[in-house]
Structures are given as C-alpha cells and as structure tokens.
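Q: Here it is, the structure in full.
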Amino acid sequence: NWSKEGRVAVMWIFMLICCVCFEAYILLPATAGLNWKRSCGLELLSSSNTTGVCTNDVLNSTCMPCLLSIVCVWLLVFICMFLDVYFVFYICTAIVGFGMGIHRELNNMKFKLTVDLRPPSSTFETEIGRHYELFMHLFGGGWRRVWLSIVKDLYQESLMGKREAKGLLEAAGLQLGDLIANDPVLDEPHITRGGELDVAAQLGNCKVAAERITFFFRSLTSFKRKRHEGDDFRPTVDAMTAEQFHVGSITPLTMIIPVYNETVVPTAGFLKDGGRLSDARNQRDNLGERMAPPRGDGANTNLAFLISQFQQEWVFMAERQGSNPSDLYKSFIAGHASPEQEQSIRMWAALRTQSVAKTVLGALKYPAALAALPAMQQHYSRYHASKRVPEMHAEVLLAHQTFGSSQGSDENDVAVRMLLKEHSHLPFYLVIDFRPESGLQVRQMVQRFLNHKFPGKASAFLDTGMLKYARCKCFWDPATDDVQIMELLPRIFQLRVGSEDAFLAQGKASNQLNALLFASGHCVQALDSNMGAFIGECFKVPYILRDFLPPPRHETEQSESQHSNCRSRVRCRFIGFREFIFTGRHGTVGKHHAGAEWTFGTIYQRFLSALAIRMHYGHPDFLDAFWARNRGGMSKCSPMVNLSEDIFAGYNVTMR
C-alpha cells in the first residue's frame, strides 16, 4: 500500500508530465517559424539575405506592428505554459473523481431503482430481496421502523399522497393505517409479505420523493465497506435496532443554526400579497425611497406563485387537509381558513422557500430519528425518565441574534415561539444575545432568571450595569406557556467586537460562537438558515459520526484502553457532508447553480481529498466540538482577513 504522500506525489508528477507533453508536442510546434527574422525580415545578430518589412527600416508603420504581434504571440505562449496546469488539473479532476465515484458505487444516485424488500419465505429461504438484506444488515430486525419513518416524513411534507404512501408501505409488508397510528404494531404476525417496488413507477409525479428514496438505497452500500482498520460492521451489535445495540455507541451531536433576522415562517399577509400591480414595484423603505424589494410579481399572490411551482405537492397538501385544492386556496385568501389550516399552509410554504423554519424542521429530524429507535426509548424510560428523548444524544440550538431586539421583527419572534412550542417534546433550544438594545421581553426573561438564581439581586445586576452583555440559552416551558432562560453566560464585550463597521467581527461566525459555548455534544454541525434535511439521511448520521471515534471493541486482541473514548485518539477534526441544493427546482438559474454545487460536492471534492488539499469545510459539515471550543470557534470571524469562513476552517485544521 502506498503512503498518502506517495500517492499525492505521483498524481502531481503525472499532471506536470501532461503539461510538459502538451507544451512540447502541441503548443511549441504550433509556433514553428514564428520569429522576427522569418516573419518581419529583421536579423539582429548577423546579416542575411532575408527580406521583409523590417529589412531597410525598423521605425516604420509596417515594421513595428509586425514586431509587436510576434512579441504578443510569444507572450501568450508563455502565459499558456503557466495556465495549462489549471486545465490539466480540472481534466484530471473530472476523470479521477468520476473513477473514484464508480469505485465507491456512488454512480446513478438519482436514476431509476427497483427496491426489493421481500423477506425470506418459509418455502424458499434463498429468495430474499437485496434491499431487505441490506436493511437487515444495517438497521437490524426493526428496520421497518426506519422505513415507516421515511414514508411518514415524505407524506407529512406533502411530497406524496396516500396512494403513493400505501404502495411504499405495502412493499415492506406494512399497511396504510400504520402511517397515522401513534404506536403502530410492527411485529412479524402483523406484517404481510413485502415485494418489489419500482420507485419511478410508484412515485411518477413525486420527483423529489423518488430522488430521496433512490439516493437513500444506493448510498447504503457504502456503509458495508470497511473504511478504517478495525471498523468491521457487526449487525448483531452495531445495527441500530438490534437487541445488543447500545445507545452509548451514538456520538452526541449538537446542531447550530445561526440566524440574524431572516424570515422564520412566511406570514399570512405575505402569502396573500403580490397580486396587485403595485406589488411588482420596489417598495418604499423607512426613508421613503423605493429601495425595498417588491412584494410579488403583480399578477399572482405569493401563495399562487408557489402553487404554480409545486402544483402536485399542493394537491397532496389539500388531500391531507381533506379539502379541494382550489377551495383551500380560495378560503385562505379570503381569510376563511381555520387557524390549523392557516398554520399548515404557512408551514407548507416555509418548506418550499428559503426560510429558517425549513432549517429548524430539517435539523429536528435527527432527534426524531433517534427517538424512533427502541433502544433509545428503553434507555431513557429506564435511566432518564425526566429527560426528553434523545436529549443526551442530540440537540438543536437556534442562535437567533435579533430575537426580542429592536433590530428584529415581531413576526419572526412570534414564529420562533411557535416552533419552540410545537417541538417542545424534542431537545430544541433558543440561544439569544442580551445587550442594552434588547427589548422589554428579553429583559424580563433575564430578570426572572436572575431572581430565581440570586433572589433579590436581579435589579442590582441590571440597573448598575454589572450585567451588560450576556448569551442566554432558552427553552419552551409548558408550565408557564412561555420561553424561559435555562442558562446565562455573562460577557464583557458585545457579540461583534471591533471599533468600526468595517472592522467589526463577522456576525455569522460570532453568532455560531455564541451558541457553541452551550453545546453539549461531542460533535457539532453548523447549518445555514436556508437548509433542510431528509429523515432517511438522518438515520445514517450515527454511523458517520463513528469516523471521529469508533465504538469500543472489548473482545478484540487489542487492549480495552486502546479503544476507550479518549479524546487524544480522535481520528479527524472535520467530516465533509455534501449539500443538496433544493433551489434546483426553482428555474433555469437555480438548476445550473445546483448542478455546479453537485459537481463541486462530488467529483471535485473527491479529487481534492485524494490530493490531501481539501480545505473547503463549513456548513453542513461535522466538527469535533472539543477542538472547535479550544480554537476560538467553528470559523474565523475577521471580515478583513478571512473572506470565507468555510475554507479557513480547513486551513485552521491543517496549520494547527
């Protein structure tokens, strides 16, 4: 086996040889005879019988252009000798990256797939579905819980209807009633025999659902390969629904979502606007100038525009509400929809726009995936009955920089409260910034917390300026039906340190650091406030996090101490996590940008990793939380020096 340095050296030598061959056999022969003597008749070192425009007089209107044109051509040749390595690099990237994807069986991730979930029959034990065997190997005998969670997630997001959900459930031997049951019975006597499923045929009008399921199954094969020495996957112990599976093998994860003042959930007023002609003009800002963006296209309401882009998904949404699609739209616009319907429509729109709610709901799918595991439920009911499942293994921190501030908006504050209340059963927390500009609501929350911790001293802390800046971790308290502070860390300086606007610390990196100090997970994932997630990929995350630190193998020949969870033996600091750009469905521009991102996140990143020069890390990659806390945060926050927090995170790891 070659060492990494040897492989990298061979790759670079090969690319340089390609450059030399291109210059020697293509570039330089093309310039044969291109000189002053033959082209212009100018001989500087010796006299000859060559004639040309420069033979008699150099300083004339015909000689100088000839000489300069030869100089320019050779200058271009000289520049090409430096630039050809750029093109050779990208050609090698395409070829080698594509070959690495084929070797890892990552090709055809989005194309047609026939899922075979047939269990072994009593008559023919050898007749077993390929994907059934794969499910059993990775997830154990309770794999149907995983499949049910996947189908339920796609159905609740209105990415498919009841007919499509029924076909997916029956392929695994389940019934449509299991989709809405609070505690479905998934034991073998209840389950019928599954069968084959053509994903493209079953989900013909549900392109997003078909792509997600296809990618989920095709990428499962990569988990069967051994990526590190001693990492053999043993189904009896490592499968998440196996009887011997222990929840201690799941690395605790904290997901941080930094938010400034982005739209959390589209308001009902916003969805109803856009239909008037005046809405298509730039709106007036606080100064009376028309610098604010338009409210719509002037022909359709914003909701109507979204429906035009996702027509089939609106039909699925109306089906879930038990209404006609046209009637549901008209009742909402007229203001006759029930509060439940209005909230469902707003969340439907939020999942199809760049909203904070899309990111929050996507991040919360990972705790929901862990909560569906039988071992996790048994562990918390037996040892941690007072905690939320799975509070000690996953948490989501929404770092909202302007919550309760004059720089924020009341609509966003109300939406954040709504999300906290709806998902109070999951480990979902709000991190806010307390400062002199904070509103009365935040000051009252801080005062209640201080009165609880230091009775009678809250006013002294606040009025005398002893507590001027602080970071606060909040949760939804069902007892008071309000947001309450659970932890408070005072600060001496403001969130964005610096003297002038140009030299202030970057807001996003500062906001990430504001929440990082409350993170309890061993690993951290940073998410931007325009991302989403699919619960099927969330079930793979526990296996991914093992690349940081593998679970103990006590019965191996190696000693127990060598496999203990010692942080000095961590394998890596970052794990790349490719994005799926959902705006690819929003038009030609979005499609091309999504294609560029897909190429960058697959072929290009593989080749950079092979050369050991991949530096682009950031969102939504995984970080070692212990390392990040001791290095000043997840990303750099100097806007004058560090232009991209993503790539400088990679530099930070390499240089340290």
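Q: Convert each backbone phi in the range 512-526 into a coupling constant with the Karplus relation 6.51 cos²θ - 1.76 cosθ + 1.60 (shift: θ = phi - 60°), then list the ³J(HN,Hα) values in order as whole Hz, x for Gly and Pro.
A: In residue order, the calculated couplings are 4, 5, 4, 8, 4, 5, 9, 5, 9, x, 6, 10, 10, 10, 9 Hz.
Q: Related question: I'd like the distance between the alpha-carbon centres of the range 569-611 and the range 132-146, rounded to an integer number of Å.
A: Result: 28 Å between the Cα centres.
Q: Quick check: with the 1.4 Å probe, what order do TRP74, TRP143 take by accessible area, largest first? Write down the numbers at each step before the final one.
A: Numbers: TRP74 105, TRP143 0 Å².
Per-residue accessible area, sorted high to low, gives TRP74, TRP143.
Q: Match the structure shown to one of the listed values [x] 261; [y] 203; [z] 274 of volume of the Cα convex hull per residue in Å³, computed from it, and give that label.
A: [x]
Q: Please give every one of the lysines within straight-line cross-link reach of LYS112, meaning a C-alpha to C-alpha distance under 19 Å, and leave out same-chain neighbours fewer than 8 residues apart.
A: Excluding near neighbours in sequence, the set is LYS207.
Q: Can you pull the percent of the chain's accessible area that's carbon plus sulfur, 1.4 Å probe, other chains left in place?
A: Values: 19070 of 33710 Å².
Percent of accessible area from carbon and sulfur atoms in the chain: 57.
Q: Please give me, ordered by residue number, the chymotrypsin sites (Phe, Trp or Tyr not before Pro) of the range 454-555 that lie in loop per DSSP and have at most 13 other Cβ atoms within 10 Å.
A: Values: sites: PHE461, TYR469, PHE475, TRP476, PHE493, PHE503, PHE518, PHE534, PHE539, TYR543, PHE548; in loops: PHE493, PHE518, PHE534, PHE539, PHE548.
Here the sparse-neighbourhood loop sites are PHE493.
Q: Another question, if that's okay. For GLY439, enumerate residues with amide H under 5 Å from its amide H, sequence gap 5+ or separate chain, H modeled in the peptide plane.
A: Distant-sequence amide H within range of GLY439: SER405, SER406.
Q: Give a residue-ordered list of calculated ³J(HN,Hα) values for the range 342-350 (Karplus: 6.51 cos²θ - 1.76 cosθ + 1.60, θ = phi - 60°; whole Hz; x for Gly, Pro).
A: Residue by residue, the range 342-350 yields 4, 5, 5, 5, 5, 5, 4, 5, 5 Hz.
Q: In nm, what is the difference between 0.36 nm times the number of residues separating MET64 and ASP285 and their Cα-Cα distance?
A: Values: separation 221, 0.36 × 221 = 79.56 nm, distance 5.91 nm.
Working it through step by step, the gained length comes to 73.6 nm.
Q: Right, another one. Can you work out ³J(HN,Hα) from phi for every residue in the range 69-76, in order, using Karplus 6.51 cos²θ - 1.76 cosθ + 1.60 and θ = phi - 60°, giving whole Hz and x for Gly and Pro?
A: So the Karplus estimates, Gly and Pro as x, are 5, 5, 4, 5, 5, 5, 5, 5 Hz.
Q: At a Cα cut-off below 22 Å, give the lysines reachable from LYS508, other chains included and same-chain residues fewer than 8 away excluded.
A: LYS358, LYS468, LYS473, LYS636
Q: Over the chain, give the accessible area per residue in Å² for a 1.4 Å probe, as an integer.
A: Working: 33710 Å² over 656 residues.
It amounts to 51 Å² per residue over the chain.
Q: Need one number: nm distance between label points at ALA596 and ASP232, each 7 Å from Cα along Cα→Cβ, rounded to one decimal.
A: Placing both labels 7 Å beyond Cα along the Cβ direction yields 4.7 nm.
Q: Excluding ligands and nucleic acids, what accessible area in Å² is computed for ARG284 using a 1.4 Å probe, to the nearest 10?
A: Only protein atoms counted, so the area is about 150 Å².
Q: Continuing with the same structure: With the cut-off at 21 Å, tell me which of the pairs LYS162/LYS330; LYS365/LYS387; LYS540/LYS591 have Cα atoms farther apart than that. Write down the numbers at each step before the final one.
A: Numbers: LYS162/LYS330 23 Å; LYS365/LYS387 18 Å; LYS540/LYS591 27 Å.
Where the Cα-Cα span goes over 21 Å, the pairs concerned are LYS162/LYS330; LYS540/LYS591.
Q: Remind me, relative contact order of the chain in percent, using alpha carbon pairs under 8 angstrom and six or more residues apart? Can you show the working numbers first?
A: Working: 962 pairs, mean separation 86.3, N = 656.
Once divided by the residue count of the chain, the mean separation gives 13 percent.
Q: Do any GluC sites (Glu not before Pro) in the range 226-298 lie in a loop, going by DSSP, with at most 13 other beta-carbon atoms within 10 Å of their beta carbon, and if so which? Please list the in-between numbers first.
A: On the way: sites: GLU229, GLU243, GLU262, GLU289; in loops: GLU229, GLU243, GLU262, GLU289.
Those satisfying the criteria are GLU229, GLU243, GLU289.
The values are calculated or read from the model by the stated rules, or taken from the named source; none is laboratory data. Here the structure is a predicted model, which is why all the values come from computation and not from measurement. With ideal geometry, Cβ positions are generated from the backbone for all residues, glycine too; neighbour counts draw on all protein chains shown. Calculation scope for accessible area: heavy atoms of the full protein, side chains included, ligands and nucleic acids excluded. Shrake-Rupley method; radii C 1.70, N 1.55, O 1.52, S 1.80 Å.
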